[in-house]
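Report on the structure given below.
The values are calculated or read from the model by the stated rules, or taken from the named source; none is laboratory data. Source: prediction; values computed, not measured. Heads up, the Cβs are rebuilt from the backbone with ideal geometry, glycines too, and the neighbour counts pull from every protein chain shown.
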Amino acid sequence: MTNLNQTQVPPQLLSHLRLLAPKRGLTVSESMTIAQYQAGRLRELLGITTQAMPLDWVSELPKLTVKVVPSHKMGEGTSGYTTREDGRYLIAVNKNRPRAHRRFTLAHELKHLIDYPYARIWHAGLGHGDSDSQNYRIERICDHFAAHLLMPTTHVKRAWGRGLQIPRTLCRVFEVSEEAMRIRLDNLGLTGDDDLPVATYFRRVDLDPNSLALSA
């Protein structure tokens, strides 16, 4: 089991992760692939082999301050944000959310931190001029990174194959919320309602335009 108290965080960690993306505008598909690769590479660079990803090392990153902030100072519905303040990066996390939620938020904001210097380049074409659509896609990319960092495909499938197939149990193993684990299992094709009539898989569904944001 990795003990980060005995592990030095590489001083160029963020730079290395940023170099994994080309310095040009990225499509949503490219951004998702890179986010997944960055999450896996981050675990490798830190030597993390445990199922639950430790995150206490994030505050050790250079020129970064991590704060937990009361809900009333975050804004309604805000889980966290990343910005620049006094020449340093700042990640703020809502302290009034459950621990599992705070962990996902911190992992999500870590992706914003990785992207920060080149965000205008990498994300320039994501919204096709629509800022709301662009922001939606960026948030989903950060969620994708967080999901792969906290719940790596190999680790989840290995646990599932060993018989841990109850989301409530798995979420404790990976230290994530049950909702996050259910979404991850669904995305991996490990869950679903096998009793649905066959016809339901071929019916036309009227989708909200926002639900198509990640398909472009």
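Checking each residue in region 90-146 for being within 16 Å of LEU64 (Cβ to Cβ) and of a type in the set (Asp, Glu) picks out GLU109, ASP115. The conditions are (1) hydrophobic (A, V, I, L, M, F, W, C); (2) touching a helix residue (DSSP H, G or I) at 6+ places or on another chain (Cβ under 9 Å); (3) under 30 Å from GLY129 (Cβ atoms), and LEU13 fails exactly one of them. Which is it? (3) is the only condition that LEU13 fails.
Among the residues of region 80-101, those identified as surrounded by fewer than 19 Cβ atoms within 10 Å (Cβ to Cβ) and under 19 Å from ARG140 (Cα atoms) are TYR81, THR83, HIS101. Residues of region 165-181 that are within 15 Å of the chain's Cα centre (by Cα), in a helix (DSSP H, G or I) and crowded, with 16+ Cβ neighbours inside 10 Å: PHE174, ALA180, MET181. Criterion first (assigned to a helix (DSSP H, G or I), touching a Ser or Thr at 6+ places or on another chain (Cβ under 6 Å), of a type in the set (Val, Ile, Thr) and at pLDDT 95 or above) does THR33 satisfy it? For THR33, the condition - assigned to a helix (DSSP H, G or I), touching a Ser or Thr at 6+ places or on another chain (Cβ under 6 Å), of a type in the set (Val, Ile, Thr) and at pLDDT 95 or above - is not met. Residues in region 126-164 that are among the small types (Gly, Ala, Ser), more than 13 Å from the chain's Cα centre (by Cα) and crowded, with 16+ Cβ neighbours inside 10 Å were compared, and the one that is nearest to ARG102 (Cα to Cα) is ALA159. Of all residue pairs spaced 6 or more apart or on separate chains, those with beta-carbon atoms under 8 Å, a first member in region 57-74 that is among the aromatic types (Phe, Trp, Tyr) and a second member that is at pLDDT 90 or above are TRP57/LEU46.
Scanning region 104-152 for residues that are under 16 Å from MET181 (Cβ atoms), in a helix (DSSP H, G or I) and either at pLDDT below 95 or in contact with a helix residue (DSSP H, G or I) (Cβ under 7 Å, 6 or more places away or on another chain) (or both) returns PHE104, ALA107, HIS108, ASP143, HIS144, ALA146, ALA147, HIS148, LEU149, LEU150.
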